[in-house]
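What follows is a set of notes on a single structure, which appears directly below.
The values are calculated or read from the model by the stated rules, or taken from the named source; none is laboratory data. Quantities reported herein were computed from a predicted structural model and do not represent experimental measurements. Every residue, glycine as well, gets a Cβ built from its backbone with ideal geometry; the counts of neighbours run over all protein chains shown.
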Amino acid sequence: MASLNFDASQVAPSDSFAPLPAGTYIAQVTDSSIKPTKSGTGTILNLTWTIMDGQFANRKVFDRVNIQNANPEAEKIGQRQLSSICHAAGVLKLADSNQLHGRPCKITLKIRVDAQWGDSNEVKSYESAGMAPSAPAFVQQGAAAHAPQPAVTPPWAPKAAA
């Protein structure tokens with residue numbers, strides 16, 4: 001037995017791990033890593049998306065992109081998925097996954113039903129959110145370095161009554 005002296009009335013319980021409702025959200029990549037596939041014959045890009053606003057602000061969504069795969073069709077699908085992410089983030093020449101961090105995008109989620117592992121979110125599409133990066137993680141070369149600054153009111157914020 002271990003003595004804890006913990007008072008749960010003083011700490012808010014953790015949020016539910018239930019998937020977010022299907023729909024479109026403004027989110028940004030906040031973490032990324034490249035790992036070998038389970039079989040060891042390919043490479044997966046793991047992305048952590050963080051929802052930026054609304055009632056689900058700060059919730060995380062996990063995304064996996066097949067970068068290299070022994071199956072040419074799976075690799076082709078993954079390459080298209082990565083291209084969609086790059087276009088949405090405004091990073092057309094991707095040298096490092098960190099270049100995707102802090103760049104607001106619209107992601108569309110669906111719920112993947114899985115009786116064995118439980119329901120989870122799956123990112124189905126990526127679009128530009130039309131916003132500048134939220135954190136200046138990298139200085140882009142060329143025209144992207146001179147991109148217009150965001151408006152004072154973010155595009156996703158409710159419009160003020162006149």
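Points to keep in mind about this one:
To keep it simple, each residue is scored yes or no on (1) more than 24 Å from Met131 (Cα to Cα); (2) touching a Pro at 6+ places or on another chain (Cβ under 9 Å); (3) acidic (Asp, Glu).
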site: Asp7; (1), (2), (3): yes, no, yes
site: Phe62; (1), (2), (3): no, no, no
site: Ala70; (1), (2), (3): yes, no, no
site: Ser97; (1), (2), (3): no, no, no
site: Gly102; (1), (2), (3): no, yes, no
site: Val113; (1), (2), (3): yes, no, no
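- Checking each residue in region 55-93 for being surrounded by 13 or more Cβ atoms within 10 Å (Cβ to Cβ), within 22 Å of Asp31 (Cβ to Cβ) and among the charged types (D, E, K, R) picks out Arg59, Lys60, Asp63, Arg64.
- Residue check for Pro154: at pLDDT below 55, of a type outside the set (Val, Ile, Thr) and either in contact with a helix residue (DSSP H, G or I) (Cβ under 7 Å, 6 or more places away or on another chain) or surrounded by 11 or more Cβ atoms within 10 Å (Cβ to Cβ) (or both): yes
- Of all residues making up region 1-41, the number that are touching a residue at least 12 places away in the same chain (Cβ under 8 Å), farther than 30 Å from Ala95 by Cβ and of a type in the set (A, V, I, L, M): 3
- Checking Arg103 against (1) under 11 Å from the mean Cα position of the chain (by Cα); (2) touching a residue at least 24 places away in the same chain (Cβ under 8 Å); (3) in a strand (DSSP E or B), the condition it does not meet: (3)
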